[in-house]
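Asks: Let me give you the structure first, and then I'll get to my questions.
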């Protein structure tokens with residue numbers, strides 16, 4: 001029985017599957033899914049202000065597709081992304097940036113102009129954790 005479990009776990013890992021909290025989950029590369037993350041497409045384009053909880057200064061970013069909210073700590077290109085959750089009101093993406101760390105971001109849509117963000121990972125060799133609210137505040 002143990003050998004069968006090990007083979008199943010190994011086969012699942014090879015296929016891009018993982019056990020999370022007793023459930024079998026599939027990690028799918030963002031690029032392989034075409035558009036994916038349709039909820040982000042419903043966000044209003046323009047300037048967004050990100051207010052981090054914990055006293056960090058506000059940041060402003062220009063949102064063109066909503067995907068800009070995924071990698072707030074890793075602004076460089078060339079990072080690989082995997083969709084963990086792709087729902088109508090919530091998306092979760094895990095990403096890896098070669099040589100600069102990784103992160104996992106969850107975005108919960110309240111309205112087309114207001115989202116809640118949670119992100120954590122490693123950036124520049126140091127851990128980070130961010131909880132914030134992002135709101136559309138104008139045009140870019």
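Asks: Which residue, of 91, 84, 115, is in a strand (DSSP E or B), in contact with a helix residue (DSSP H, G or I) (Cβ under 6 Å, 6 or more places away or on another chain) and at pLDDT 95 or above?
Replies: Just one listed residue meets the conditions, 91.
Asks: Inspect all residues belonging to the range 32-39 and state whether any of them is modelled with pLDDT of 90 or more, surrounded by 10 or more Cβ atoms within 10 Å (Cβ to Cβ) and within 25 Å of residue 132 (Cα to Cα).
Replies: Checking the range 32-39: at least one residue is modelled with pLDDT of 90 or more, surrounded by 10 or more Cβ atoms within 10 Å (Cβ to Cβ) and within 25 Å of residue 132 (Cα to Cα).
Asks: Please go through the range 45-57 and pick out each residue that is surrounded by 13 or more Cβ atoms within 10 Å (Cβ to Cβ) and out of contact with any helix residue (DSSP H, G or I) (no Cβ under 9 Å at 6 or more places or on another chain).
Replies: Residues satisfying the conditions are 45, 46, 47, 49, 51, 52.
Asks: Next question. State yes or no: is residue 73 part of a loop (DSSP other than H, G, I, E, B) and over 18 Å from residue 39 (Cβ atoms)?
Replies: Judged against the criteria, residue 73 is a match.
Asks: Can you say whether residue 131 is modelled with pLDDT of 95 or more, surrounded by fewer than 17 Cβ atoms within 10 Å (Cβ to Cβ) and in a strand (DSSP E or B), as far as the supplied structure shows?
Replies: Against the criterion (modelled with pLDDT of 95 or more, surrounded by fewer than 17 Cβ atoms within 10 Å (Cβ to Cβ) and in a strand (DSSP E or B)), residue 131 qualifies.
Asks: Does the range 44-65 include one or more residues that are more than 21 Å from residue 126 (Cβ to Cβ) and within 13 Å of the chain's Cα centre (by Cα)?
Replies: Scanning the range 44-65 turns up no residue that is more than 21 Å from residue 126 (Cβ to Cβ) and within 13 Å of the chain's Cα centre (by Cα).
The values are calculated or read from the model by the stated rules, or taken from the named source; none is laboratory data. None of the values given here were measured: they were computed from a predicted structure. All Cβ positions, glycine included, derive from the backbone under ideal geometry; neighbour counts span all protein chains shown.
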